[in-house]
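K.L.:
Take a look at this one; I'll ask things after.
The values are calculated or read from the model by the stated rules, or taken from the named source; none is laboratory data. This is a predicted model, so every value here is computed, not measured. Cβ sites come from the backbone with ideal geometry, for glycine too, and all protein chains shown count toward neighbours. The accessibility values were calculated without ligands, DNA or RNA, using every heavy atom of the protein model including side chains. Shrake-Rupley method; radii C 1.70, N 1.55, O 1.52, S 1.80 Å.
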Amino acid sequence: MISIIKATEKDAALLSELAKITFIQSHGHSVEKEDIDSYVTEKYSEAILKQELSDRRSIYHLLYYNDQPAGFSKIIFNEPYKDSDVKNITKLERIYLLKEYYDLKLGKELFAFNMELAKVNDQSGIWLYVWKENERAVKFYQKNGFEIIGSYDFKISERRSNPNYLMILTL
């Protein structure tokens, strides 16, 4: 059974744990261990996530499968990408799933949930960054109607940035 719930500040510890694990699972092989460990410690600490959860603009959801946490997402409404004048567009900032749940297509469920949120909040589209070497994710987004419209260097450490695509979907 799948359930998706809005995360609150009380979920910061769980979200921190999920974020660290899923980020390392998806990006850990792209940089030195020391760089990835430093990144997740800085960006996904419980304190940082509690702060983000208290920000009304950052909307996090937790995905559960059979009452077990399996993934999460973060969206921001009315967040245009650089050099865009579109005001009512959603940034899909994070959508991560624990690797052991990939084959259950739960990411598709979480993605559809976020798409519906964007639609009911009168958003004209969704945009995101995705690592160019994450072929599974790039294909998923393209299959769901996203187009590559640019690129962005995602800085993991002073020594390493990962090249990302800027992708957009018009709703």
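K.L.:
Taking the simple approach of a point 7 Å from Cα along Cα-to-Cβ for both residue 41 and residue 5, what is their distance in nm?
P.N.:
3.1 nm
K.L.:
Okay, next question. Share of the stretch 9-67's accessible area from carbon and sulfur, percent, 1.4 Å?
P.N.:
Carbon with sulfur: 46 percent of the solvent-accessible area.
K.L.:
Say the dipole of the chain comes from +1 at the beta carbon of Lys and Arg and -1 at that of Asp and Glu; which of 12, 97, 23 then lies farthest toward its positive end?
P.N.:
Of the candidates, 97 comes out farthest on the positive side.
K.L.:
A further question on this structure: Say we join alpha carbon atoms closer than 10 Å with springs in a Gaussian network model of the chain; which of 128, 49, 117 then has the biggest fluctuation?
P.N.:
Taking springs between Cα atoms under 10 Å, the residue moving most is 117.
K.L.:
If you place +1 on the Cβ of every Lys and Arg and -1 on the Cβ of every Asp and Glu, how big does the dipole about the Cα centre of the stretch 121-171 come out, in debye to the nearest 20?
P.N.:
Dipole of the stretch 121-171, to the nearest 20 debye: 220 debye.
K.L.:
The stretch 72-143 to the stretch 152-171: how many Å between their Cα centroids?
P.N.:
The distance from the Cα centre of the stretch 72-143 to that of the stretch 152-171 comes to 14 Å.
K.L.:
Over the stretch 76-171, with the other protein chains present, what is the accessible area per residue in square angstrom, probe 1.4 angstrom?
P.N.:
So the stretch 76-171 comes to 59 Å² accessible per residue, rounded to a whole number.
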